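Undergrad: One structure is given below, represented as structure tokens, and several questions about it will come after.
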Amino acid sequence: MRPDVEAMKADIEQSIALLRRRLDWDVALRKLDELNARVEDPTLWDNPEAAQAVSRDRSRLEAQINTVREMASGLEDGVMLSEMADEEGDEATLEEARASLKAIKDRAGRAELEALLSGEADGNDAYLEVNSGAGGTESCDWAGMLLRMYSRWARAHGYEVELEAEESGDQAGIKSATILISGPNAYGWLKSESGVHRLVRISPYDAAAKRHTSFASVGVSPVVDDTIEIEINPSDVRTDTYRASGSGGQHINKTDSAIRLTHIPTNTVVACQAGRSQHQNREQAWKMLRARLYELELQRREAAAQAVADAKTDIGWGHQIRSYVLQPYQMVKDLRTNVETSDTQGVLDGDLDMFMGAALAARDWGVGAGDLDLLNKLVSGSHEAGGVLRAAGTSTRPIRRCA
């Protein structure tokens, strides 16, 4: 077996062993059998809420187990193919085997990070809100670019994206927009994206072709399902109706179908205009408000998340979490982890995994911005970072964050 193939085989085997330990493999298999039996029990559906919770737990555990099984099966096939190709001197087939093992290795790295998504709401869907800040038309255009970036990231990872509300800019882009991103661990991956994002570029709206700096904020909240109770006093909420903006439709721009809710004690504002009726928009707006208030509660419980909340107090200088520089050089840099890349177009097209992975490691493994060697490995692939952390003795439990 070639040395590079042997190295990939060892890395993948180590990842599989780590994932099995984190799942507590034998216990996980027994639990899956129990959940399968409960789902097949007709009486379970006498309580729809309990049945949905059991079904979600079953689907999540089954996906985790299947991931490990598929990686183990793919590893066996890839190694067998590489050995046959090596014996026959078939370089083309050997390259095919290498590519297959590389794909499994990358998948293993992502699975190691996903194993850390064990927060109270990490497995939930997410609302992602973008607001333009300092910079006028430039800022509105930048907010629109961010909305496109996150939508492309979500769709590339198999998530569903639904526009809930949008306020267009006066000349270009958007003043604000909210999308619902639905899929496993959507909130867990996106929660670290909350904060102010800074863009530096030559403005397409400036006839003098001068360099401009623009800001936009991103906020992420988990969708609150039926298992989480959020009590809201209706007297604390102000309801405003207005005409929805957008193109076409029987009700668009003709009736006051759009809904804006303001939670007065926390000054939390949500809006929805995607539905065709005021009733639909009101129902969805209340779901969004519950999600925002739940996110505030999570931030109060977690000191690390409070720093994120503080970063959202002002959309301007000194508060950004990430800079996107398109002129005079090409660079995207996360100011919390120091992870950076010169592939600015790839990032704006939704290639955000390196930043999310580094932020997740910093949040859950206690990796700081000063740990450049480790975070640089996160840039080249989350699997390498997992290997470094295993070598440091964190294979069984993550390092606790400092409050």
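The values are calculated or read from the model by the stated rules, or taken from the named source; none is laboratory data. For clarity, every value in this text was computed on a predicted model and none was experimentally measured. Positions of Cβ are generated from backbone atoms using ideal geometry, with glycine treated the same way; all protein chains shown enter the neighbour counts. Heads up: the accessible areas ignore ligands, DNA and RNA and are worked out on the full protein's heavy atoms, side chains in. Shrake-Rupley method; radii C 1.70, N 1.55, O 1.52, S 1.80 Å.
Undergrad: How large is ³J(HN,Hα) for each residue in the stretch 72-81, as worked out from phi by the Karplus curve 6.51 cos²θ - 1.76 cosθ + 1.60 (θ = phi - 60°), to whole Hz, x for Gly and Pro?
TA: Per residue, the Karplus-derived 3J(HN,Hα) values read 5, 5, x, 4, 4, 5, x, 5, 4, 5 Hz.
Undergrad: Please list the non-local residues whose amide H lies under 5 Å from the amide H of E164, H modeled 1.01 Å from N, same-chain partners needing a gap of 5 or more.
TA: T178, I179, L180
Undergrad: Ranked highest first by the average count of other Cβ atoms within 10 Å around their residues, in what order do 234-240, 341-347, 9-15 fall?
TA: The packing order, highest mean first, is 9-15, 341-347, 234-240.
Undergrad: Could I ask something else about it? Within the stretch 164-190, find all residues whose amide N lies under 14 Å from a label point positioned 7 Å from the Cα of T266 along Cα-to-beta-carbon.
TA: Flagged as within label range: none.
Undergrad: Whole-Hz ³J(HN,Hα) for each residue in the stretch 278-295, computed from phi via Karplus 6.51 cos²θ - 1.76 cosθ + 1.60 with θ = phi - 60°, x for glycine and proline: what do you get?
TA: 5, 4, 4, 5, 5, 4, 5, 4, 5, 4, 5, 5, 4, 5, 5, 5, 5, 4
Undergrad: Would you pull out the residues with amide H under 5 Å of N185's amide H, same chain only if 5 or more places away, H placed 1.01 Å from N?
TA: Here the answer is N124, since their amide H atoms fall under 5 Å of that of N185.
Undergrad: Any idea how far the Cα center of the stretch 271-297 sits from the one of the stretch 1-75, in Å?
TA: 34 Å
Undergrad: Give the shape of the stretch 55-205 as rounded, prolate or oblate, defined through the alpha-carbon gyration tensor: a ≥ b ≥ c are the square roots of its eigenvalues, a/c under 1.5 means rounded, and otherwise the shape is prolate if a/b is larger than b/c and oblate if not.
TA: It is oblate, given that a/c is not under 1.5 and a/b is not larger than b/c.
Undergrad: Residue by residue through the stretch 35-40, what is 3J(HN,Hα) from phi via Karplus (6.51 cos²θ - 1.76 cosθ + 1.60, θ = phi - 60°)? Round to whole Hz and write x for glycine and proline.
TA: Once θ is set to phi - 60°, the couplings for the stretch 35-40 become 5, 4, 5, 5, 5, 7 Hz.
Undergrad: Taking H as built 1.01 Å from N, whose amide H comes closer than 5 Å to the amide H of V224, not counting residues under 5 places away?
TA: A291
Undergrad: If each of E13 and D206 carries a label point 7 Å out from its Cα toward its Cβ, how far apart are those two points in nm?
TA: 5.8 nm
Undergrad: Another question, then. Please give the solvent-accessible surface of Y127 in Å², to the nearest 10, using a probe radius of 1.4 Å with every protein chain present.
TA: For Y127, the solvent-accessible surface is approximately 20 Å².
Undergrad: Please list 168-177, 67-76, 185-194 highest first by mean number of surrounding beta-carbon atoms within 10 Å per residue.
TA: Listed from highest to lowest mean packing, they are 185-194, 168-177, 67-76.
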